[in-house]
Structures are given as C-alpha cells and as structure tokens.
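Notes follow once the structure below has been shown.
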Amino acid sequence: MGEGPAPVIPGHGWVQRRRLASGPSAALKLASGCDRRCAFCAIPAFRGSFVSRPPAEVLSEAQWLAAQGVTELVLVSENSTSYGKDLGDLRLLERLLPQLAAIEGIARVRVAYLQPAELRPGLLEVIAATDGVAPYFDLSFQHSSPGLLRRMRRFGGTDDFLALIERARALAPTAGFRTNVILGFPGETEDDVAELERFLVEGRLDAVGVFGYSDEEGTEAMGLPGKLDQAEIDARVRRVTDLVEELTAQRAEDRLGERVQVLLTEDLSADEGHGDGGRGLWAGHAAHQDPEADGTTTVAGVPDGAVAGQVVAAEVVGTEGVDLVATALVPAVRT
C-alpha cells in the first residue's frame with residue numbers, strides 16, 4: 001500500500017510520515033518524554049519532560065492513517081495517562097478518544113501504557129464504555145509489593161491494583177489487561193515476590209511481561225543497597241514466568257463461550273484448506289489483545305469477501321495457550 005500524501009497538521013505546515021509497516025493496525029504517538037522519576041528508569045534523562053502533541057495534530061495524523069487503510073489506532077507514549085497535563089487539561093484524552101473512534105474508516109482505538117496511579121475514573125470509564133475504543137488496559141504495575149514499589153519511587157500495591165481492575169471489569173466485564181513486572185529490584189525479598197504472585201493470581205490478567213532487573217546508567221537504583229545476585233534474579237524471573245504462563249492460559253480458557261470482536265489481519269484459508277464454499281479461516285486479534293504484544297485469535301467461518309482490517313463478531317470455542325480459537329457469528333460489522 002502506498003504511503004499517500006503527507007497529512008496537514010494545523011499550525012505546523014506539512015509533516016511527512018512514512019509507514020514502516022503494513023497491516024491494518026498502526027501506532028499513533030500521543031506524547032514524548034516523562035515527568036515521573038521511577039528509580040529504575042532512565043527515560044526522563046534522555047527523552048526529557050513529558051510533552052503532549054496537540055489534539056488537532058493527533059486527529060490529523062489519525063485521518064491520514066485511515067486514508068492509508070489503517071482501521072486500528074494504537075495510541076502510544078511513555079505515559080498516556082499524562083496526556084494533556086502540559087496543555088492545561090488532564091481530561092483531553094477523555095475527549096480525544098471518542099473523536100478518534102468517530103473517524104471514518106477507524107474500527108478500533110486502543111490506548112497503550114497507562115500509569116495505574118494516574119488512571120482517573122473519567123478516563124477509565126471512557127476506555128471501558130466508548131463505542132470504538134477497545135476496553136483494554138495496558139497498566140504499568142511493575143510490581144505489587146507496596147514497600148518495594150516505594151523503593152522504586154512508585155505508588156500503590158496489590159490491594160489498590162486489584163480494586164482498580166475490579167472497577168474496570170464492573171464497567172466492561174470482558175476487558176483486557178496487560179502489564180510488565182520487574183523481578184530482582186534491589187532489596188526485593190521473598191515476601192515481595194510472594195506478594196507479586198498473589199496479585200498475579202487474583203488479578204487474572206491476559207498478558208504479563210516478566211523482566212529481570214538490570215542497572216540503567218544514571219538511575220537512582222544503581223546506588224541502592226541490597227543488590228541481588230544475577231543467578232537469584234534469573235531464578236525469580238523463571239519462577240514468575242512459569243506462573244504467568246499458567247495463569248494467562250487459564251485466563252484465555254475463561255473466555256470460552258465469550259463473544260469477541262476480532263479485527264482480521266491475515267487470510268489463512270489457502271494455507272489451511274478452509275476456503276471452500278466461500279468461507280474461510282482468518283488470523284486476527286480481539287479487543288483484549290494488543291496487535292503486537294498479546295495473543296491472537298483464529299476465526300473460522302469468516303464470510304467470503306472479508307478483507308484485512310474488518311471486524312467480525314465471533315464466539316470463542318477453544319484456546320491454545322493465550323491464543324483463542326473462534327467461530328464467526330456474523331459478517332464483518334465495521335470497516
């Protein structure tokens with residue numbers, strides 16, 4: 001697909017953009033930089049303070065992407081919950097999301113990288129309940145032990161995080177949740193790891209990235225006491241990774257019988273021999289699945305004439321680890 005003309009950004013002249021990847025999903029940058037000072041993170045040092053893109057600029061680029069055939073926008077930044085604070089309006093994202101979802105050709109808008117401590121009730125409600133916005137919460141928990149989080153210069157803990165997830169599920173019972181966690185931060189104890197495991201078991205998340213701590217040049221954590229041996233960090237990563245694999249597979253099984261909206265990405269009919277009768281097999285991802293980071297959904301019985309980027313309603317009939325297997329219920333419902 002050609003890149004088309006560059007979008008006109010009001011007040012900024014012509015801004016050239018070239019899509020580096022094809023497919024119906026595309027990242028759309030909301031902001032750059034970060035004002036938080038997490039002890040383990042060097043991003044503020046090399047990317048600077050948080051700077052939001054003006055809403056008109058974001059909307060203009062979204063319209064351009066839609067004209068290139070993109071049907072799913074993934075909003076990205078170092079901290080999407082901070083969007084608008086430097087423009088004097090912390091509710092900007094709450095108003096921007098419905099505008100993005102209303103752009104002709106856009107079937108789904110997804111927000112990536114939310115800070116739990118900054119997820120305001122109004123933003124949570126917009127993400128959970130706005131037509132065209134994926135009820136998907138990519139929450140940067142990093143850990144759940146309150147004491148260790150304070151050493152990380154972060155807030156919250158297991159009970160706070162579980163309450164946040166419960167509020168989101170009360171509004172959108174089938175919402176998706178993903179996070180990343182760090183094992184082996186200086187001073188982490190066995191009790192801290194057990195507390196994180198409690199959170200993961202009770203939280204029933206769809207996707208979890210597990211990482212071992214390593215020093216980042218110029219961060220506060222480099223100078224903290226209580227450094228763990230690499231062998232111990234690696235052992236904790238393996239332990240929690242094994243738990244996460246089991247839990248996320250169970251969470252996928254919880255979705256058996258659930259109706260999902262699947263954005264189609266690849267026609268598998270020719271490869272799998274399911275193209276007879278004008279009905280086929282497609283790969284795609286449901287609303288709770290990020291197109292790059294999470295599992296996938298394979299849909300059988302997709303009507304003839306479907307194309308990548310369309311959304312079909314389907315019922316989950318099986319699982320393969322975190323991946324879902326579904327059967328189409330109706331023709332494509334939104335393009």
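Values quoted throughout were computed directly from the atomic coordinates according to the rules given, and no laboratory measurement underlies them. Everything numeric here is computed off the predicted structure, so don't read it as measured data. Here the Cβ is made from the backbone with ideal geometry for all residues, glycine too, and neighbour counts use every protein chain on show.
Quick notes
- In segment 193-287, the convex hull through the Cα atoms has an average projected area of 10.2 nm², a quarter of its surface area.
- Prolate/oblate/rounded call for segment 145-263, Cα gyration tensor, a/c under 1.5 rounded: prolate
- Residue among G176, G48, G23 with the largest mean-square fluctuation in a Gaussian network model of the chain, springs linking Cα atoms under 10 Å: G48
- A dipole drawn for segment 57-186 from +1 and -1 charges on Cβ atoms has a positive end, and of Q142, L92, L65 the residue lying farthest that way is Q142.
- Fully extended contour minus Cα-Cα distance, from D89 to A249, at 0.36 nm per residue: 53.6 nm
- Environment charge at F155 (Cβ cut-off 11 Å; Lys +1, Arg +1, Asp -1, Glu -1): +2
- Relative contact order (%) - criterion: Cα under 8 Å, at least six apart; region: the chain: 13
- ³J(HN,Hα), Karplus 6.51/-1.76/1.60, whole Hz, each residue of segment 292-304, x for Gly, Pro: 10, 9, 10, x, 10, 10, 9, 10, 9, x, 6, x, 4
- Applying a 4.7 Å Cβ-Cβ cutoff to the chain, the cysteines left without a disulfide-compatible partner are C34.
- Semi-axes of the equivalent ellipsoid for segment 23-68, Cα gyration tensor, largest first, Å: 28, 13, 6
- Calculated from backbone phi, Karplus (6.51, -1.76, 1.60) coupling profile of segment 105-118 in Hz, x at Gly/Pro: x, 8, 9, 7, 10, 10, 9, 9, 6, 9, 8, x, 5, 10
- Cβ-based net charge around G218, under 13 Å, with every Lys or Arg adding one and every Asp or Glu removing one: -2
- Segment 153-261: relative contact order in percent, alpha carbon pairs under 8 Å with at least 6 residues between: 31
- Within the chain, percent of DSSP bridges classed antiparallel, to nearest 5: 50
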